[in-house]
Amino acid sequence: MVETENENYLNPEGTGMLSIDECINLLIFLFQLRNLLWSTSKHDVYLMQNYSVMHWSSLLGKGEEVLNVARPLAPTMKYPGSASQTLSRVQISTMAVRDGLMAAGGFQGELICKYLNQPGVVFATKISNGENAITNAVDISYSPTGSMRVITANNDQQVRIFDAKSFVCTNHYAFPWSVNNTSVSPDDKLIAILGDSPECLLADAQSGKVVSNLKGHLDYSFSSAWHPDGRILATGNQDTTCRLWDIRNTSQSITVLKGRMGAIRAIKFTSDGRFMAMAEPADFVHIFDTQSNYGTCQEIDLFGEIAGISFSPDTEALFIGVADRTYGSLLEFNRKHYHHYLDYVL
């Protein structure tokens, strides 16, 4: 049993803090971008610090630089048909880590890919050369055939899909508005596409064909996440709400969750689907118990811009990146359990 109604639901780890105040100028350069933190285990977190991607180990109690994007980035491999090129002094706007691959986007339309167990970067390119070509989001997923792919969402109104083995752009889709976020369903068949529009789209992940239009939000959308069961999609919007959609009937949202002050910039589910967290641009993170039909919520009230949120894969920890000149930090919260003996008996 997990307590979710008060501030004791998650315990801050006093020893698990990493100052990230050096990256303030980068993190708040563009207000709506808040995916600069990723947890790959309860003890391993990747985050931006100035012009570096850092790996923080809570076991070792220290951080280590994984990638420095201030220096020239020359890809270590050349792939036929790919548009790989050398980049330098990249300002990271978003990042994702999955199964040993890190993908990061830049404010000038860059895409950088790196295998965490190999030195250097395996792929780097400018996927768009427009004046306002920011890479707003990157997503790492698998196709129905099992091949890994990297999906980018850009201000140039394009979604691009790259094969993560050859790093060739295998498909791209155009939309009438800047694309701020994409997320692929757990069965890898559907992709949610959100941007500078009140409407959110559901498309076939292979063909890009729009299969459903989700209407209900009042402003631009910036975040989305799928419940692990694949039936519920959560979307976050500038209208300060997160809407939940049952993809079996998308005529209207089934639940509207309200933030306190700002837009919903990041949404994450635990891998077991028990909890959903949503973050505002600053000060507030809300955690909902999905088993209570999202009726039970704990609010984490902190101070500073929120650089990202991430649950550990084992669901035992929630990490929050705080960007503030005085209180900048990486906060770790632990899931609190009760009645361990009874749990094991059951």
Handout entry: Any chance R248 is within 30 Å of D314 (Cα to Cα), at pLDDT 95 or above and open to solvent by 10 Å² or more (accessible area, probe 1.4 Å)
Key = no
Completion exercise
Log entry, pairs with first residue in region 70-95 being under 14 Å from K114 (Cα atoms) and modelled with pLDDT of 85 or more, second being open to solvent by 80 Å² or more (accessible area, probe 1.4 Å) and hydroxyl-bearing (S, T, Y), beta carbons closer than 6 Å, six or more apart or on different chains, reads A74/T86
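Could you check region 173-206 and list, in sequence order, the residues that are part of a loop (DSSP other than H, G, I, E, B) and touching a residue at least 24 places away in the same chain (Cβ under 8 Å)? Please lay out each step first, then the result.
First, pick out the residues of region 173-206 that are part of a loop (DSSP other than H, G, I, E, B): 175-178, 185-189, 196-199, 205-206.
Answer for region 173-206, where residues must be part of a loop (DSSP other than H, G, I, E, B) and touching a residue at least 24 places away in the same chain (Cβ under 8 Å): F175, S178, S185, P186, D187, D188, K189, D196, S197, P198, A205, Q206.
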Handout entry: Members of region 132-151 found to be over 18 Å from S224 (Cα atoms) and of a type in the set (S, T, Y), listed by number
Key = S143, T145, S147
Problem - Scope region 262-289; condition under 26 Å from M95 (Cβ atoms), touching a Phe, Trp or Tyr at 6+ places or on another chain (Cβ under 9 Å) and either open to solvent by 10 Å² or more (accessible area, probe 1.4 Å) or not hydrophobic (A, V, I, L, M, F, W, C) (or both); matching residues - result: G262, R265, K268, F269, T270, S271, P281, A282, D283, F288
Completion exercise
Of the residues in region 243-267, those that are in contact (Cβ under 8 Å) with a residue 60 or more places away in the chain and of a type in the set (K, R) come to R265
Handout entry: Single residue of region 279-295 satisfying the filter (in contact (Cβ under 8 Å) with a residue 40 or more places away in the chain and among the aliphatic types (A, V, I, L, M)) that is farthest from M261 (Cα to Cα)
Key = I287
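The values are calculated or read from the model by the stated rules, or taken from the named source; none is laboratory data. Bear in mind that the values here come from a model prediction, so they are computed numbers and not experimental data. Don't worry about glycine lacking a Cβ; one is built from the backbone with ideal geometry, like all the others, and counts go over all protein chains shown. Heavy atoms of the whole protein, side chains included, go into the accessibility calculation; ligands, DNA and RNA do not. Shrake-Rupley method; radii C 1.70, N 1.55, O 1.52, S 1.80 Å.
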